Each structure stands twice: as C-alpha cells, then as structure tokens.
Amino acid sequence: MNAPHLPNVAGIDSTVPSPAQTAASVQNSPGATSTSPPPPPAGAVLQDRLAGWVSDLTTLHELTERLTRTASLDEALQELLRAGSALVGARRGLVVLEPADGQGPDTTIGLGLAHADLGHIETVPRSSTSYGRILDGLPEGETEIASPDLLSEDGLDPRHREVAARLGYAASYAVPLATDAAGKLGAAVWLYDEPAEPVEHQRHLIGLYTRYATEHLARLLELERARTTLATVAEELLPSRLPRVAGVQLAARHRTGPRGGGDWYDALPLPEGALGLAVGSVTGSGPSAVAAMGRLRASLRAYAVMEGEDPVAVLSDLELLLRLTEPARSATALFAYCEPHQRKIVLAGAGHTPPLIIGERRTAFVETSLSAPLGMLACWEAPSVDLSPAPGETVLFYTDGLLHRTGDAMDRAFARLHSAASGVPRSIRHDPGAIADHVLRTVLPDGLDAADSREDVVMLAARFE
C-alpha cells in the first residue's frame, strides 16, 4: 500500500520521514502464552504516521511564517536560532554570518550566550570549530557536523576543550546556511548541555527549515546592503567636516532612515569672515530623494557665495531652480548669513521649522515669517529675520524629522523639543555637540534616534562666543 503524499506547505518539501517509532515487535515462541498482545492493525500504524507528518508540516509552516515576518537581518538570525533550537532540542546556539562573496556584513549572534561567551568561543582556533570548518568548506557529500560527545573526542583542540568546559556545553550540531541560489552565507551551531545529537528525523526537519531560512536571509542581506550603500551615498553628499570660523563653534548630527531621505545641512565660509548655515529637506525618500538633495545643496552653496548677504535672494534662486528642474518635487529650506564677530544673523526660511536659541537666560524659538515650501508657489519670497545671539548662546537648526519621529502631534513635539533644550545641563552648554546629543536623546529616548524610521533627522548647532 502506498503512503499518501501530502501537499507542500509554505514552500517546504513535504517528504518528511516518519517520526521514530519504538513499537516493539513480539514474536511467538514455544513458551508464549495466549495473553500476548496482538500486533497493531496496519490502519493504526498508517494513521500514526500520517499524524506525525501533519504535525511536522504544521510545525514547519508555523516556524517559516514567523521567519517571513522578520524585516531585518538581525531579527531573522535570532528567529533562525530560536526555531532551530526547538527543532533539534538544544538550549543554546550561535549563527555566524559570513557571506562567501566577501561583501559582508560579517556578524555573529548568539542564543542563550552573552557577548562575553561569544568572545570566548571566538578565541578557539577557527579550524577547531564546527562553524569554521563549514565556512572553510566541508568535504564533498557532507552537509552537517555533529559532535555528540565533544569533550571525549580525540584530538580536540585544548582551547576548545577549555571553552566548552567554561561555558558548560558537551555536544554541538552545526549546519551550513547555503543553497545553490543564495550561495554560502554562513553557519548555524546549536549547543547541548549534555552529550546528545539530533536523530535522523530532527536532522531532516532542520535541513528543510535552514534551506528556506537561507533564501530569506539572502533577500534581507541584499536589502541590508542596499540600505548601507544608500546611507553611505547620503553621508558623502553632506559636508565631510565642518569649517572652523573664528567666533563660532559648530556641530552637526544626522540620522538617515532605512530608505534614505532628503534631509541635509551645510556650513560654508563666506568672504570677510562670514559664515553661511543651511538646513533643508526634500520630499520623498530613496535614491531619487538623495540625488535631489545633493543637487539642491550644491546649488545653494553656489547662490550663497554669490549673494549670501541676502538670504531671501538665495532661497528665491533656489526656488526657481527647483521649479524648473524638479517640477514634481518640493522642499523646505532655511539659510542663515552669520557674522560671528558681531554675533549677527540674517536668516530666511521656506516652509522650514524655526531655529531654537539655547542660552543661560533664555530658551526660545526664533519667530520666522510664515512661508510655503519651495516649489509650492509660482514665485517664492518672504521677509528675512534679524537675530543677535548673546555670548555663549547656541542656535539650533533642525529638520522636521526630529519632530515627526516622536510620533506626537506637532504642538506636543515642539513642546518636547523646547523642554529638552531648556533642560540642557549647565556643564555642557559650552559644547554645541554635547547640546545636540542631549536634545536628540531627550526628544527621541529609548533608541528612537537610532531606530529605523521613514524620517531623517538633521541637527546643526552653532554656539557663538
């Protein structure tokens, strides 16, 4: 009688071997009595086998569903370790990501292992570790490395023996993270507290799961590389360093969203000891927004050199350029012409958030005139604003991403920003970088400043002496 073939579930081959059975067969012997239990009927055996197959497929389906919900490489690696731990019956493990193409990222993540524990494991010679042997290439035909009683192995590296004893694991089971389509991405290792190894049934299940997981990891890896490349390009389009101008100290902070955005800042020396400061934001995200940001910033630098003393003229020229070259895009911008020795600032803004003055005696938003963003009107123009910071005061320029990342309504976000600026400790008010860091961490606590977000954040702080 042929066993039924169950359909594929979640892209997994349903040819799962039957669970290990321990039913003993009793043979009649001359001394056997009539009370011996009869063998189970064939239908019951088939039913048990079908139940085992259904259970396995259901488990794999649930685990792969959880894996597909992961949106980042780190999340997927953690889920891989948790699922593998359940499938092979090990409490701890680690995954080493080391793509064979050499483009990275290379990382090691542990389950039930502290950072120091991973450091101890990494002190073991690579050739003595199961993940190292996998990454360096297994012999033809081998697809796993099982060490059921690690400490009793002949020829085990002394350092490996010492680390295993220190961390309290006695056996390991390792599999490669590799497929023909994805190539070799890394290796996963699970650690047993006592001598043990997965049975054939478990090995088959973990093999099915890791093949699917490898394909998912390959997709996330490409996405991670694209994000990193985009972030690098965006950073390269911003100033590599801030200029040194007598009478003013400068500091900048930039947080790029995962897709890359169009927020930018600039600071450029101008004739006669003057300084031009600018911040802005281009609508949209991704490569097109990053490219538009680069073009807009380069154009503003040119206009600032030619007519920086008149911020309104600088933004008017920028608006005309944007309307002619980027008709489907809008942008906000703020440009300030500074004379540090006289502590005098003339600034104009186009739909941009107002700067914030932070000092010993006051913390206040600059009252700029209301204006539409660039590209929104047929002809943009708004009056400029004069500002005279007191000695020791810092003017903080920022983009609206700082406010949007809070998740609050704009009035509450502005209140949070004002409160954070008011609470800058006296001991760091002399350092514009420390002021920017304090405001950033206070407005966006619990890692929100570094977390993935659709919103870029730019801050430019200028402290006048």
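Show that you can apply the helix-only estimate: for the chain, add -39,500 (n - 2.57) for every DSSP H stretch of four or more residues, divide by all residues, and state [θ] at 222 nm to the nearest 500.
Values: 11 runs with 171 residues, N = 465.
After summing the helix terms and dividing by the residues of the chain, the value is -12000 deg cm²/dmol.
For segment 216-371, evaluate the Debye formula with one uniform point scatterer on each Cα (no solvent term) and list log10 I(q)/I(0) at q = 0.08, 0.11 Å⁻¹, rounded to two decimals.
Reported log10 I(q)/I(0), two decimals: -0.26, -0.48.
Quickly work out the E272-to-D136 label distance, labels modelled 7 Å from Cα along the C-beta direction, and quote it in nm with one decimal.
Inter-label distance under the simple model: 7.0 nm.
Per q in 0.09, 0.12, 0.19, 0.21 1/Å, what log10 I(q)/I(0) does a Debye calculation on the alpha-carbon atoms of segment 48-181 return?
Computed log10 I(q)/I(0) values: -0.31, -0.55, -1.28, -1.46.
Stretched out fully, how many nm does the piece from T58 to M410 gain, at 0.36 nm a residue minus the Cα gap?
That works out to 122.0 nm of additional length.
Accessible area of segment 158-220 with a 1.4 Å probe: how many percent of it is carbon plus sulfur?
51 percent
Compute the angle between helix 410-422 and the longest alpha-carbon principal axis of the chain, please, reported from 0 to 90 degrees and rounded to the nearest 10.
Approximately 80 degrees, to the nearest ten.
Taking R0 as 60 Å, what's the FRET efficiency between A44 and H418 from their Cβ-Cβ distance, rounded to 0.05?
Once the sixth-power term is evaluated, E becomes 0.20.
Beyond 39 Å, what share of the Cα-Cα pairs of the chain is found? Please give it as a whole percent.
46 percent
Put a dot 7 Å past each Cα toward the Cβ at L237 and Q202; how far apart are the dots in nm?
Those two pseudo-labels are separated by 5.2 nm.
Between A51 and S388, what is the spin-label point distance in nm, taking each point 7 Å from the Cα along the Cα→C-beta axis?
8.9 nm
If you fit an axis through the alpha-carbon atoms of helix 432-443 and take the longest principal axis of the Cα set of the chain, what angle between them do you get, 0 to 90°, nearest 10?
With rounding to tens, the tilt is 60 degrees.
Between A146 and S72, what FRET efficiency follows from the Cβ-Cβ distance if R0 is 30 Å, with the result rounded to 0.05?
According to the calculation, E is roughly 0.45.
What's the local net charge at I345, with K and R +1, D and E -1, over the other residues with C-beta under 10 Å away? Numbers along the way, then the final one.
Values: positive: R343, K344; negative: E339, D386.
So the environment of I345 carries a net charge of 0.
To test your reading of the geometry: what angle, between 0 and 90 degrees and rounded to tens, separates the Cα axis of helix 200-237 from the longest principal axis of the chain?
10 degrees
Taking N as the number of residues in segment 107-153, what is its Cα Rg relative to 2.2 N^0.38 Å? Don't skip to the answer; put the middle values down first.
Working: Rg = 12.2 Å, N = 47, 2.2 N^0.38 = 9.5 Å.
In units of the globular-protein estimate, segment 107-153 measures up at 1.28.
Can you give the extra length, in nm with one decimal, that the chain gains between E381 and R91 once fully stretched, where that is 0.36 nm per residue apart less the Cα-Cα distance?
97.8 nm
Applying 1/(1 + (r/R0)^6) with R0 = 30 Å to the Cβ-Cβ distance of T283 and T442, what FRET efficiency is obtained, to the nearest 0.05?
0.60
Over all Cα pairs of segment 152-197, how is the pair count split among 5 Å bins, expressed in % and running from 0 up to the last occupied bin?
Using 5 Å bins, I get a P(r) of 5, 18, 21, 21, 13, 10, 8, 3 for segment 152-197.
The values are calculated or read from the model by the stated rules, or taken from the named source; none is laboratory data. Note that this is a predicted model, so its numbers are computed, not measured. We place every Cβ from the backbone using ideal geometry, glycine too, and count neighbours over all the protein chains shown. Protein only, heavy atoms only, side chains kept; ligands, DNA and RNA dropped before computing areas. Shrake-Rupley method; radii C 1.70, N 1.55, O 1.52, S 1.80 Å.
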